[in-house]
Every structure is written in structure tokens, then in C-alpha cells.
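Q: Here's a structure for you.
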């Protein structure tokens with residue numbers, strides 16, 4: 001496996017993980033907001049004996065992970081835009097297609113704004129407003145964010161310049177370990193049945 005393949009593999013793994021975390025966080029947030037006692041579904045209480053705190057810890061782990069990794073994706077999009085301006089002719093069809101994909105709704109910062117709104121709504125009494133905020137976050141991630149990423153990933157598929165992939169990815173040993181650590185924390189706090197997959201060894 002060459003360097004470009006390794007970078008793309010890590011990017012794909014991060015996308016897989018961020019999707020699983022977003023889905024689990026939105027689903028449990030909406031269930032709790034609806035008054036379905038999602039906290040009790042966590043099973044064994046935390047060390048303080050509070051299933052409510054256990055649920056809060058899981059949500060914090062999810063939000064911490066999403067805030068970090070979605071910020072990385074936003075930074076990569078910014079670096080990609082800079083690379084296009086620096087290295088591609090204005091009339092290049094490939095550049096035009098990528099710029100159109102980057103301009104689509106569904107940026108990571110927009111998705112993070114939806115997540116922030118859902119978290120803010122969680123301080124209100126349980127009910128439809130809280131439930132709607134979490135549903136909006138989950139729906140936005142599943143549709144706008146994912147569709148935009150699909151478009152960008154498809155257009156980048158034929159690009160093989162190693163130096164550009166290094167710049168675009170911004171991946172090194174520290175970032176790989178950080179992503180694994182944060183994902184492992186989410187996995188450790190996850191309730192039974194959460195479809196998160198198996199975390200990589202953070203060591």
C-alpha cells in the first residue's frame with residue numbers, strides 16, 4: 001500500500017467513525033428529548049450510580065469527537081480550495097467541478113452549528129423542540145454533509161499527487177492516535193446496541 005492509499009484509508013476510516021458517532025448521538029438525543037427514558041437504556045449506571053450522568057458522559061464523548069473530527073474535515077476543505085487556486089488553471093474542468101462541490105451546502109462548520117443548536121436545545125424541558133433539534137442535526141449530517149462529502153471524494157478519486165494528498169489530509173501519527181483515542185472514548189461510553197463498530201487500539 002502506497003502513501004496516498006494510506007492517507008485515503010485514514011480519511012475513509014474517520015468518515016466511517018464520524019458517521020457512526022453522529023448517528024448514535026442524534027438517535028439517543030432525540031429519544032431522550034422525547035421523554036423515552038433513553039438514559040435508563042444505558043444499563044449499568046456509572047460510578048456515581050446515575051444513569052442520567054452516564055447518558056451525559058456518552059453525549060459529551062460524542063460531541064467532543066464530532067467537534068474535533070468535523071473541524072479536521074473543514075480544514076481539509078479549506079486546504080483543498082487553496083490548492084486548487086494555487087495549482088489548477090481557472091478554466092480546468094476538474095477545478096471547476098471541485099469548486100462547485102466545495103460550494104455546496106453541507107460544510108462541516110454548518111453541521112457543527114446544527115450540533116451546537118441540538119446541544120443548546122437539550123437544556124430545555126423534554127419535548128418536541130428538543131427532539132426536533134436532534135433530528136435536524138441527524139438529518140443534516142445524513143443528507144447535506146454526506147452528499148457533499150460523496151461528491152468531493154468522488155472527484156478526488158483520480159488525483160494521485162502525493163504532496164497534495166499530504167497537504168490535504170494533514171494526517172500524521174499524532175492525529176491518527178488522537179482520532180483513535182477520541183473514538184475509543186465514545187465506544188467505551190456507548191449504550192448497548194449502539195452501532196459504532198470496534199474501536200482501533202489507541203496505543
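Q: Which condition does residue 170 not pass, out of (1) at pLDDT 85 or above; (2) at negative phi, if it passes all the others?
A: Single failed check for residue 170: (2).
Q: Within region 173-195, can one find any residue that is over 21 Å from residue 57 (Cβ atoms), surrounded by fewer than 17 Cβ atoms within 10 Å (Cβ to Cβ), touching a helix residue (DSSP H, G or I) at 6+ places or on another chain (Cβ under 7 Å) and modelled with pLDDT of 80 or more?
A: Within region 173-195, one or more residues are over 21 Å from residue 57 (Cβ atoms), surrounded by fewer than 17 Cβ atoms within 10 Å (Cβ to Cβ), touching a helix residue (DSSP H, G or I) at 6+ places or on another chain (Cβ under 7 Å) and modelled with pLDDT of 80 or more.
Q: Can you pull out the helices (runs of 4 or more DSSP H) entirely within region 90-190 that have at least 1 residues that are in contact (Cβ under 8 Å) with a residue 12 or more places away in the chain and more than 17 Å from residue 73 (Cβ to Cβ)? Give the derivation first.
A: Details: elements: 93-102, 108-121, 128-140, 146-156, 162-169, 173-189.
Because the criterion is at least 1 residues that are in contact (Cβ under 8 Å) with a residue 12 or more places away in the chain and more than 17 Å from residue 73 (Cβ to Cβ), the helices (runs of 4 or more DSSP H) in region 90-190 that meet it are 93-102, 108-121, 128-140, 162-169, 173-189.
Q: Checking the structure you have, find out if any residue of region 86-103 is within 22 Å of the chain's Cα centre (by Cα), surrounded by 20 or more Cβ atoms within 10 Å (Cβ to Cβ) and more than 26 Å from residue 187 (Cβ to Cβ).
A: Yes, region 86-103 contains at least one residue that is within 22 Å of the chain's Cα centre (by Cα), surrounded by 20 or more Cβ atoms within 10 Å (Cβ to Cβ) and more than 26 Å from residue 187 (Cβ to Cβ).
Q: Hey, among the residues in region 107-165 that are within 20 Å of residue 7 (Cβ to Cβ) and surrounded by fewer than 14 Cβ atoms within 10 Å (Cβ to Cβ), which one's nearest to the chain's Cα centre (by Cα)?
A: Among them, the one singled out is 150.
Q: Turning to a different aspect of this structure: Report the residue count in region 68-83 for those that are under 13 Å from the mean Cα position of the chain (by Cα) and at pLDDT below 95.
A: Counting residues in region 68-83 that are under 13 Å from the mean Cα position of the chain (by Cα) and at pLDDT below 95 gives 0.
The values are calculated or read from the model by the stated rules, or taken from the named source; none is laboratory data. None of these values were measured; they are calculated from a predicted model. Reconstructed Cβ throughout: ideal geometry from the backbone, glycine too, with neighbour counts over all protein chains shown.
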